[in-house]
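Colleague: My structure is below; once you've seen it, I'll send some questions.
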Amino acid sequence: METLLARVTDEPLSVAEHEAAVADEAAGAVVSFSGVVRDHDGGRSVTELEYVGHPTAPGLIAEIAAEFAARPDVHAVAVSHRIGLLAIGDVALACAVSASHRGQAFAACAELVDEVKARLPIWKRQVFTDGQEEWVACP
């Protein structure tokens, strides 16, 4: 099956766009995920996040999406990760998967999110209300 959407971008993400990208007449299920910037982490208040991606990130997200799209029980995959400065409530990770049945779509979408978070070279800088900051998932 074809991967319709896989990107790393500094533009705002739309989960609805990802759902539309995986629409397929053979699909009985479309499952989507929206990773949203929250206002806290580890008991501390967060004011903003910045995501920085390695130059290989766009190619790697396309590779990950293609791996999932090649599964026999998956019809289509759309996944994007945002980079740059994000505010509370912004979507940092958007994805959608279509499949014939809901169980397949739920499983593939959950695995896709985990795989992107494990393999994509994107690092997060959190800024706290007290002015301190920290890097997360940074080698």
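Laboratory data are not the source of any read-out in this text; all were calculated from the coordinates shown. None of the values given here were measured: they were computed from a predicted structure. Heads up, the Cβs are rebuilt from the backbone with ideal geometry, glycines too, and the neighbour counts pull from every protein chain shown.
Colleague: With the crude spin-label approximation of a point 7 Å out along Cα→Cβ, what separation in nm comes out for Val136 versus Ile88?
Modeller: According to this spin-label approximation, the distance is 1.4 nm.
Colleague: Would you mind pulling out the separation of the Cα centroids of region 85-139 and region 1-70, in Å?
Modeller: 7
Colleague: Per residue of region 58-69, what does 6.51 cos²θ - 1.76 cosθ + 1.60 with θ = phi - 60° give for ³J(HN,Hα)? Whole Hz please, x for Gly and Pro, Karplus curve as stated.
Modeller: x, x, 6, 5, 5, 5, 4, 4, 5, 4, 6, 5
Colleague: Here's something else I'd like to know. Tell me which residues come under 5 Å, amide H to amide H, from Ala92 once H is placed; ignore anything under 5 positions away on its chain.
Modeller: Result for Ala92 returns Gly35, Val36, Val37.
Colleague: Normalise the Cα radius of gyration of region 3-129 by 2.2 N^0.38 Å (N = residues in it) and let me know the number.
Modeller: 1.06
Colleague: Go through region 42-53 residue by residue and turn each phi into a ³J(HN,Hα) via Karplus (6.51, -1.76, 1.60, θ = phi - 60°); whole Hz please, and just put x for glycine and proline.
Modeller: My calculation for region 42-53 gives x, x, 10, 7, 9, 9, 6, 10, 10, 10, 10, x Hz in order.
Colleague: On to the next question. Would you please give the residues with an amide H less than 5 Å from that of Arg7, counting only those at least 5 places away or on a separate chain, with H modeled from the backbone geometry?
Modeller: Val79, Ser80, His81
Colleague: Can you give me the three principal axis dimensions of region 26-83 from its C-alpha atoms, in Å, biggest first?
Modeller: For region 26-83, the Cα extents along the three principal axes come out at 44, 30, 15 Å.
Colleague: Rounded to the nearest 0.05, what FRET efficiency is calculated for Asp41 and Arg119 with R0 set to 25 Å and r the Cβ-Cβ distance?
Modeller: 0.70
Colleague: Quick one: which residues, 5 or more positions from Ser100 or on another chain, have an amide H under 5 Å from its amide H? H modelled 1.01 Å from N in the peptide plane, none for Pro or chain starts.
Modeller: The list, which skips near neighbours in sequence, is Gly28, His75.
Colleague: Sort 98-109, 33-44 for me by packing, meaning the mean count of neighbouring Cβ atoms within 10 Å per residue, highest on top.
Modeller: So the peptides 98-109, 33-44, ranked by packing, come out 98-109, 33-44.
Colleague: Suppose each label sits 7 Å from its Cα in the direction of the beta carbon; what would the Thr129-Asp24 distance come out to in nanometres?
Modeller: Reported label-point gap for Thr129 and Asp24 is 4.5 nm.
Colleague: What does the extension gain come out to for Ala66 and Ser14, with contour length at 0.36 nm per residue minus their alpha carbon separation?
Modeller: Value of the extension gain: 16.7 nm.
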